[in-house]
Amino acid sequence: DAEITQSPRHKITETGRQVTLACHQTWNHNNMFWYRQDLGHGLRLIHYSYGVQDTNKGEVSDGYSVSRSNTEDLPLTLESAASSQTSVYFCASSKAGEETQYFGPGTRLLVL
Amino acid sequence: AQSVSQHNHHVILSEAASLELGCNYSYGGTVNLFWYVQYPGQHLQLLLKYFSGDPLVKGIKGFEAEFIKSKFSFNLRKPSVQWSDTAEYFCAVNANSGYSTLTFGKGTMLLVSP
């Protein structure tokens, strides 16, 4: 079955380290998204991509970057992890021209 | 830019009680509206969506939502909740402008006591 996966599911890191969270989907969806979920804030959009080589900043993009070298993957990189980036990170994807997004299982990141 | 407001952060109900979760959005143009649910420890799943047509939308697990354009609202309802409905519920809006990004509300945590 087609699916969307995220790895790792749990990560502990130290401030200042670079961290990359993986997102992989097998639906061949053009659109991919990264969100962070924090108590009292719901889900906030970090970055998104509408296709290979396309990336766009979301509402809370500072300190994060993404790259899209193929359709299946949109890795999220924290350039220099900060404690404020402790959160649960969700990846999502959707078909081109469609608004319904399908979510991955999430990555719980703790920055010490 | 659009925004979404969910009226209640926490709701506690007994089994068999009726549920209504409020959602209001701010955007002057055409919108697509969604309710997602997140069960404890799980990822978000789509409950229902409204794009156009009948403003009363039925979703999975007996949920429904009504789009009232004049009130900019998209409230979620269920006539009789079950313990298994305990979850966090998120309303989301997409401005129907050709872009696929969603703006989410802050979520409502529903606790159903048996």
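Some points to look at:
- Among A:S87, A:S69, A:S61: highest mean-square fluctuation, GNM of chain A, C-alpha pairs under 10 Å: A:S69
- Ordering A:Q6, A:V66, A:Y89 by the projection of their Cα atoms onto the charge dipole of region A:1-92, which places +1 on the Cβ of Lys and Arg and -1 on the Cβ of Asp and Glu, puts A:Y89 at the extreme positive end.
- Restricting the GluC sites (Glu not before Pro) of region A:60-106 to loop positions (DSSP other than H, G, I, E, B) with no more than 14 neighbouring Cβ atoms within 10 Å leaves A:E79, A:E98.
- Relative contact order, percent, region B:5-56 [alpha-carbon distance under 8 Å, six or more residues apart]: 27
- In this rough spin-label picture, where each label sits 7 Å from Cα along the Cβ direction, the B:K58-A:S80 distance is 5.7 nm.
- Restriction of the trypsin sites (Lys or Arg not before Pro) in region A:3-105 to DSSP coil positions whose beta-carbon has at most 14 other beta-carbons within 10 angstrom yields A:R9, A:R17.
- If the convex hull is drawn through the Cα atoms of the protein assembly as shown, its volume per residue in Å³: 123
- Couplings 3J(HN,Hα) for region A:98-112, derived from phi with the Karplus relation 6.51 cos²θ - 1.76 cosθ + 1.60 (θ = phi - 60°), are 10, 9, 6, 9, 10, 9, x, x, x, 10, 9, 10, 10, 10, 9 Hz, where x marks Gly and Pro.
- For B:K69 and B:I12, the FRET efficiency from 1/(1 + (r/R0)^6), where r spans their Cβ atoms and R0 equals 22 Å, is about 0.10.
- Coordinate range along principal axes, alpha carbons of chain A, Å, largest first: 38, 24, 24
- Label-point gap, in nm, between B:Q45 and B:S113 - each point 7 angstrom along Cα→Cβ: 2.6
Each reported figure results from applying straightforward, stated rules to the coordinates on display, with no laboratory input. From a predicted model like this one, the values you see are computed outputs, not experimental measurements. FYI the Cβ positions are ideal-geometry reconstructions off the backbone, even for glycines, and counts take in every protein chain you see.
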